[in-house]
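As structure tokens, the structure follows; a few thoughts come after it.
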2 protein chains.
Amino acid sequence: MPKDPTRTPRADAQRNLGALLEAARAVFATEGVDAPARTIAARAGVGVGTLYRHFPQRSDLVVAVMEREIDACADAAAELAAAHDPETALVAWLERYTELLATKQGLAAALHANTTMFDALAAYFYERMEPALAALLDAAATAGTVRRDVTARDLLRTVAYLSMPEGDEGAAYTRRMVAVLVDGLRFRAPADTR
Amino acid sequence: MPKDPTRTPRADAQRNLGALLEAARAVFATEGVDAPARTIAARAGVGVGTLYRHFPQRSDLVVAVMEREIDACADAAAELAAAHDPETALVAWLERYTELLATKQGLAAALHANTTMFDALAAYFYERMEPALAALLDAAATAGTVRRDVTARDLLRTVAYLSMPEGDEGAAYTRRMVAVLVDGLRFRAPADTR
């Protein structure tokens, strides 16, 4: 009788890794990126040794948390496309992306001092986000509800700029202007008959 | 017979001041904000003493040049409104403003170290630009060609964010996205009958 595959050492390691990243995400959000290693390990239910074995430097952990957040946001594109009409899916994804920027920019900024790591993360960001958003844009343009002449890259960049102001007032500004930007996409849509 | 009012000492001083600011603008653009005082004075046709009497510190000169550029851009709003229909005037002014940001952001950034001066300049910027753009927006909304729910302040801020990327690629990005932003203003306009 084969062993339970969820109880192999490898599966345990995978579970630990997921728990560590989830714990780090939560702890970074409340205590900041310099939170003690023991706080993160305790929350994940593992020893500090396990944390350091997976992530020798704090920057390794920050990059892994960011990549996981980027993956989740990119993967949400296909899920939203399956559940909604193309325009709704596009708008919902841009909101999801705006939320990612609002909550995770500080984390990415913490890497700025390490240019190599920051650049690698930025490359990973575009590698995952650009095709995800391009598929949503293409579907909405094919449906005739948004224009075809704005690229995914331009849109990713623009929402990032609009997300720069901080605090509640900044968040309200970002929401208002992302809505105007989306209306700019709707204008000159193929189905726009004016 | 009264003296020629353009030849009074006061008129001479005004002329010198205008020549100095115009010379400083041109020299800053080609040689940067740390260009030698004698280069600026020579271009203005005045002595270095006159330059230092008007502007004891380089930052005084930078602020005066920026204020003059802000005044010119703000004053252009009424001129454009008189010459064109409200929508054309608004779009032309946003292009004028984008150009100001493209050519003068470096100058304003040179003041960043002097927070008091920078904040005063930012306050002056909004004091002049906000009513100028608000009048154009209001006229275009009254004409039914743009929406009413975007403020002049939001728009000034947004074009400034879109103007952050530098170089030719950045300038092309800025142009593309300001055009989408303007289309976002046109969407949901009172005369939009969809």
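Just so you know, all these numbers are worked out from the coordinates, no wet-lab data involved. Predicted model only: the values in this text are computed from it and were never measured. Methodologically, a virtual Cβ is constructed for each residue, glycine included, from the backbone with ideal geometry; neighbour enumeration extends over all protein chains shown.
A few comments on the model shown:
- Taking other C-beta atoms within 10 Å as the exposure proxy, B:Met177, B:Met164, A:Met117 rank B:Met164, A:Met117, B:Met177 from fewest upward.
- With a Förster radius of 22 Å applied to the C-beta separation of B:His112 and B:Glu166, the computed FRET efficiency comes to 0.90.
- For segment A:56-194, the dipole from Cβ point charges (+1 on Lys and Arg, -1 on Asp and Glu) about the Cα centre works out to 340 debye, to the nearest 20.
- Computed from the C-beta positions of B:Asp75 and A:Arg175 and an R0 of 41 Å, the FRET efficiency is 0.80 to the nearest 0.05.
- Overall form of segment A:9-108 per C-alpha gyration tensor (a/c, 1.5; a/b vs b/c): prolate
- The calculated FRET efficiency for A:Arg68 paired with A:Glu95, based on their beta-carbon distance and R0 = 25 Å, is about 0.80.
- Its convex hull of Cα atoms gives chain A a direction-averaged projected area, equal to a quarter of the hull surface, of 13.9 nm².
- Exam field: A:Arg38 pseudo-label spacings to other copies (7 Å along Cα-Cβ), nanometres: 6.7
- Compared with the alpha-carbon gap, the fully stretched path from B:Gln105 to B:Ala191 is longer by 27.4 nm at 0.36 nm per residue.
- Segment A:12-84 and segment A:91-130 have their alpha-carbon centroids 15 Å apart.
- Charge dipole magnitude, Cβ of K and R +1, D and E -1 - the protein assembly as shown, Cα centre, debye nearest 20: 400
- The residue among B:Pro56, B:Ala160, B:Leu100 whose Cα reaches farthest toward the positive pole of the charge dipole of segment B:36-194, with charges on the beta-carbon of Lys, Arg, Asp and Glu, is B:Pro56.
- With the simple spin-label model, which puts each label point 7 Å out from Cα in the Cβ direction, the A:Asp60 to B:Ala143 separation comes to 6.2 nm.
- Helix axis angle, A:152-162 relative to chain A longest principal axis, alpha carbon, degrees: 80
- Per-residue 3J(HN,Hα) values for segment A:71-84, derived from phi via the Karplus relation 6.51 cos²θ - 1.76 cosθ + 1.60 with θ = phi - 60°, read 4, 4, 5, 4, 5, 4, 4, 5, 5, 5, 5, 6, 9, 9 Hz in sequence order (x marks Gly and Pro).
- J(HN,Hα) series, segment B:130-137, from Karplus relation 6.51 cos²θ - 1.76 cosθ + 1.60, nearest Hz, glycine and proline x: 4, x, 4, 6, 4, 5, 5, 4
- Under 19 Å from the B:Arg10 label point (7 Å along Cα→beta-carbon), backbone N, segment B:51-70: B:54
- The angle separating the long axis of helix A:167-186 from the principal Cα axis of greatest extent in chain A is about 50 degrees.
- Stretch gain in nm, segment B:Asp34-B:Arg153, where the contour uses 0.36 nm per residue and the Cα spacing is subtracted: 39.7 nm
- For segment B:130-172, size of Cβ-based charge dipole, Lys and Arg +1, Asp and Glu -1, in debye: 280
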